[in-house]
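To start, the structure itself, in structure tokens.
The values are calculated or read from the model by the stated rules, or taken from the named source; none is laboratory data. Since this is a predicted model, take the numbers as computed values, not measurements. FYI the Cβ positions are ideal-geometry reconstructions off the backbone, even for glycines, and counts take in every protein chain you see.
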Amino acid sequence: MARLGIVAAVLAVAFSASAGAQDKPLELLESGMQVQGWEGVGRIDIGTRGHCTGALISERLVLTAAHCLFDRETGLRAMDQELIFRAGFRNGRAAAEGRVLRSVVHPRYDPAGGTRLENVSHDLALLELSHPIRSMGVVPFAVYSEPRRGDRVGVVSYARGRLQAPSLQERCEVLQRDVTGVLMMTCSVDFGASGAPVFSLSQGRAHIVSVVSAMGTGAVGGAQRDVSLGVSLGPRLDELRAALDARDRRFIQPTAVNSREPRSMSAGGGARFMRP
């Protein structure tokens with residue numbers, strides 16, 4: 001992830017002192033009972049270089065963050081054959097896994113653009129698996145429109161120190177939705193959580209409303225605290241689906257760039273706002 005320079009200065013807003021006061025702590029989902037219902041979230045292994053988090057939104061499509069697909073040092077895009085999605089990965093075993101046939105990112109996402117809000121707002125990618133995942137219990141999640149300020153959400157992610165099992169933060173808060181579509185949240189994330197699905201609950205069912213892009217610090221209730229940034233879905237995700245269906249090379253063709261800013265997918269430091 002990347003610690004955004006300080007988005008609080010850009011997203012200046014007077015949050016209430018109670019913002020995030022009722023957030024729930026992270027819960028490690030180590031047992032079969034704990035992980036039940038969350039098997040559609042998985043760890044994305046990127047060759048031997050790092051990990052991100054992703055989630056199934058159909059039997060063959062995995063939703064994640066675009067910056068996960070680019071090398072933090074060179075800015076080069078990972079080859080699709082390097083990517084493996086391990087659904088429900090827990091204690092060395094996955095409920096199901098699949099190799100990636102194609103990946104798509106939005107053409108307005110700049111891999112060298114760091115954590116500028118405009119860039120974060122397009123930090124989305126879709127991975128098309130070589131074969132559909134139809135394992136019992138591994139159910140794709142529905143995707144809904146993004147939440148609004150004050151809404152309660154949750155995050156399931158893999159991250160530094162907990163890469164062998166997913167962690168659930170069942171409740172955190174949306175502090176603001178910027179005009180670019182970037183969500184500022186109180187959710188707890190760390191390196192490796194890039195691409196993690198942000199969930200809302202409706203009638204007892206979890207559906208994805210955003211994707212984690214970056215982590216950092218912001219002013220909440222008059223004090224500095226850890227915050228996370230999420231990407232709005234809606235039309236951006238629709239564009240990626242259409243591009244994948246049309247084999248649109250603007251989205252699919254790997255892009256070679258010179259990195260202007262160090263970034264990390266699963267470990268390392270950086271500026272105050274960083275890629276998780």
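Tallying residues that are surrounded by fewer than 18 Cβ atoms within 10 Å (Cβ to Cβ) and not small (G, A, S) within region 144-162 yields 7. When region 128-180 is filtered for residues that are among the polar types (S, T, N, Q) and part of a strand (DSSP E or B), the ones remaining, listed by number, are S157, Q164, S167, Q169, Q176.
Return the residues of region 87-105 that are part of a loop (DSSP other than H, G, I, E, B) and surrounded by 21 or more Cβ atoms within 10 Å (Cβ to Cβ); say none if nothing qualifies. Once the filter is applied, which keeps residues that are part of a loop (DSSP other than H, G, I, E, B) and surrounded by 21 or more Cβ atoms within 10 Å (Cβ to Cβ), region 87-105 yields G88, F89.
Scanning for something over 17 Å from the mean Cα position of the chain (by Cα), of a type outside the set (S, T, N, Q) and in a loop (DSSP other than H, G, I, E, B), does region 116-127 turn up at least one residue? So far as region 116-127 goes, no, none of its residues is over 17 Å from the mean Cα position of the chain (by Cα), of a type outside the set (S, T, N, Q) and in a loop (DSSP other than H, G, I, E, B).
Okay, residues lined up against (1) modelled with pLDDT of 95 or more; (2) acidic (D, E); (3) in contact with a helix residue (DSSP H, G or I) (Cβ under 7 Å, 6 or more places away or on another chain); (4) under 21 Å from L201 (Cα atoms):
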site: V10; (1), (2), (3), (4): no, no, yes, no
site: K24; (1), (2), (3), (4): no, no, no, yes
site: I46; (1), (2), (3), (4): no, no, yes, no
site: T53; (1), (2), (3), (4): yes, no, no, yes
site: A65; (1), (2), (3), (4): yes, no, no, no
site: R72; (1), (2), (3), (4): no, no, no, no
site: E97; (1), (2), (3), (4): yes, yes, no, no
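Looking at region 184-268, none of the strands (runs of 3 or more DSSP E) lying wholly inside it contains 3 or more residues that are of a type in the set (F, W, Y) and at pLDDT below 95.
Condition (residue is over 22 Å from V182 (Cβ atoms), buried (at least 20 other Cβ atoms within 10 Å of the Cβ) and free of Cβ contacts under 8 Å to residues at least 60 places away in the same chain) applied to region 52-71: is it met by at least one residue? Checked against the condition, which is being over 22 Å from V182 (Cβ atoms), buried (at least 20 other Cβ atoms within 10 Å of the Cβ) and free of Cβ contacts under 8 Å to residues at least 60 places away in the same chain, region 52-71 yields no hits at all. Scanning region 64-93 for residues that are more than 18 Å from the chain's Cα centre (by Cα) and within 25 Å of R116 (Cβ to Cβ) returns E73, T74, G75, L76. Annotation for region 132-141: no member residue is modelled with pLDDT under 95, closer than 25 Å to G50 by Cα, surrounded by 22 or more Cβ atoms within 10 Å (Cβ to Cβ) and out of contact with any His (no Cβ under 9 Å at 6 or more places or on another chain). Looking at G181, G216, G221, G230, can you tell me which residue is in contact (Cβ under 8 Å) with a residue 24 or more places away in the chain, more than 18 Å from S145 (Cβ to Cβ) and surrounded by 17 or more Cβ atoms within 10 Å (Cβ to Cβ)? Every option except G216 fails the conditions.
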